[in-house]
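Some notes on the structure that comes next.
The values are calculated or read from the model by the stated rules, or taken from the named source; none is laboratory data. Quick caveat: nothing in here was measured; it's all calculated off a predicted structure. Quick reminder, even Gly has a Cβ in these numbers, built from the backbone with ideal geometry, and neighbours come from all protein chains shown. Side chains are part of the model used for accessible areas, which takes the heavy atoms of the whole protein and leaves out ligands, DNA and RNA. Shrake-Rupley method; radii C 1.70, N 1.55, O 1.52, S 1.80 Å.
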Amino acid sequence: MGINVVITGVTGMVGEGVLLECLRNRQVDSVLAVARKALDLTHPKLKVFVAPDFLQIDAAATQLRGYDACFYCAGVSSNGVTEADYTRITYDTTLHFAAAALQANPDIVFNFISGHQADSSERGRVMWARIKGKTENALLRLFHGKEYNFRPALMRPMPGQKHFYGYNLWTHKILYPLLSLVFPACSVQQIAQAMINATLRGYEKPILEVSDIKTLARRGA
């Protein structure tokens, strides 16, 4: 038997790719996509829970019951966003959703898309990194050993994706290979495979850098 997963952020680059991999992966039996609007995608495995404001999701929401894992891929870029707004979206909203998912499923495994160079000390000068680190730390306390923080850097979308910015044939053939020589790189498909494996097999560290994501993605292949 496979796992049943909740995915957020499915209209973003990471969330969409994770969704597509889960729909094709035989280790996943069903997917609940929690989105702010209806999706133009149907699949036998897929259900959609439309929630325009995640902060309004009731902790007793019946839609969230019966799931083994949450792949939390929702989020925004910090560009042009105030610290207060970024904190509300990245920290407050994530923790509210995580608490609701945990109440609905006491044994759920929570996988959070963080970012390369997130600041676990919560004291650094870089705003987004500090808040991502604060969110990671709060989630680790909430889930007591059943939470993993994924820190991707340079990412390659998987075939079939529609929601990505600035990735085209030139990027795929020339720019991505060059940048991957400088920055840690992985594919969105590897992130999804690593999340599935973290749920099924666990991992020795709660914070996964790009090298860990690639290692975990290969396990069970």
Residue in the range 133-147 that is within 17 Å of residue 5 (Cα to Cα) and either part of a strand (DSSP E or B) or not hydrophobic (A, V, I, L, M, F, W, C) (or both) present:
yes
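Counting residues that are touching a residue at least 24 places away in the same chain (Cβ under 8 Å), over 20 Å from residue 133 (Cα atoms) and open to solvent by less than 60 Å² (accessible area, probe 1.4 Å), which helices (runs of 4 or more DSSP H) fully inside the range 10-116 reach at least 2? First the steps, then the outcome.
Numbers: elements: 13-24, 83-87, 93-104.
It comes to 13-24, 93-104.
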Those residues that are open to solvent by 10 Å² or more (accessible area, probe 1.4 Å), assigned to a helix (DSSP H, G or I) and aliphatic (A, V, I, L, M), I need them from the range 178-209; list them, please.
178, 179, 200
Note down all Cβ pairs under 7 Å where the first residue falls in the range 154-171 and is more than 18 Å from residue 76 (Cα to Cα) and assigned to a loop (DSSP other than H, G, I, E, B), the second is open to solvent by 70 Å² or more (accessible area, probe 1.4 Å) and at pLDDT 80 or above, and they're at least six residues apart or on different chains.
none
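Here's the yes/no breakdown for (1) closer than 22 Å to residue 162 by Cα; (2) at pLDDT below 95; (3) in contact with a strand residue (DSSP E or B) (Cβ under 8 Å, 6 or more places away or on another chain):
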site	(1), (2), (3)
5	yes, no, yes
27	no, no, yes
46	yes, no, yes
82	no, no, no
89	no, no, no
Residue 31 fails exactly one of (1) at pLDDT 95 or above; (2) under 20 Å from residue 148 (Cα atoms); (3) out of contact with any Leu (no Cβ under 6 Å at 6 or more places or on another chain), namely (3)
Output the residues belonging to the range 187-221 that are small (Gly, Ala, Ser) and at pLDDT below 95.
187, 220, 221
